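So the structure is just underneath, and the comments pick up after that.
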Amino acid sequence: MGFLKGRSGNPAGRPAGIVDRRHMDFWTRSDDADKEAVRLKIIEQAKAGDRDAMLIIAARTWPTLKAQAPRTPIAVDPSLPPDHQLVGILEQMNEGAYSLEDAVALIGALSQQAVVQERYGVLADAVAQLIIASGKPLPPELRMRRISPGEKQPAPVIGGDQAAPREDGSPAE
């Protein structure tokens with residue numbers, strides 16, 4: 001069938017980490033004097049202006065630096081509920097404080113934070129119900145848990161000596 005124009009004959013290519021046998025043979029079978037001669041020859045060529053020799057030396061001398069975006073300060077009040085923080089992020093994006101990419105990243109982080117807070121709230125409510133069912137008073141950290149807007153306020157969170165609500169949702173006597 002023949003080769004197609006613009007297509008490699010080996011699309012998978014050589015796997016990463018596989019070294020050319022010829023290269024490996026030289027470095028494993030050569031003695032230190034041969035290796036030193038190669039090093040000196042590369043240095044000599046680099047001094048003579050050979051660009052490839054300079055790149056070989058640079059690659060083995062200096063670490064490769066990764067590109068990093070400049071840090072963007074976050075000017076959102078963390079004490080606000082998530083819906084207010086979202087509005088603040090969008091307003092600041094419209095004012096030019098954040099790029100679209102930064103705003104998307106912040107909104108993603110905000111949604112992850114909301115998931116964690118929701119899971120914490122469910123767990124804290126379950127623990128509070130178990131403690132109330134055992135007849136013990138609630139510890140202050142469960143009694144004082146903040147309820148953010150839009151979140152249902154669980155019955156056992158307020159006050160340590162309340163009974164758990166009935167299954168139909170009505171308060172217990």
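Each row is one residue, and each column tells you yes or no for (1) out of contact with any Cys (no Cβ under 7 Å at 6 or more places or on another chain); (2) without any contact (Cβ under 8 Å) to a residue 12 or more places away in the chain; (3) more than 30 Å from residue 111 (Cα to Cα).
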position	(1), (2), (3)
34	yes, yes, yes
46	yes, yes, yes
49	yes, yes, yes
54	yes, yes, yes
61	yes, yes, yes
74	yes, no, no
78	yes, yes, no
82	yes, no, no
87	yes, yes, no
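Only residues that are in contact with a helix residue (DSSP H, G or I) (Cβ under 8 Å, 6 or more places away or on another chain) and surrounded by 14 or more Cβ atoms within 10 Å (Cβ to Cβ): list them for region 93-116, please. Within region 93-116, 93, 98, 102, 103, 106, 107, 110, 114 meet the criteria. You will find that of 25, 83, the residue that is surrounded by 10 or more Cβ atoms within 10 Å (Cβ to Cβ), more than 34 Å from the chain's Cα centre (by Cα), in a helix (DSSP H, G or I) and not hydroxyl-bearing (Ser, Thr, Tyr) is 25 and no other.
None of the figures in this text is laboratory data; all of them are computed from the coordinates on show. Small disclaimer: the values here were computed from a predicted structure and weren't measured. Cβ atoms come from the backbone with ideal geometry, glycine included; neighbour counts cover every protein chain shown.
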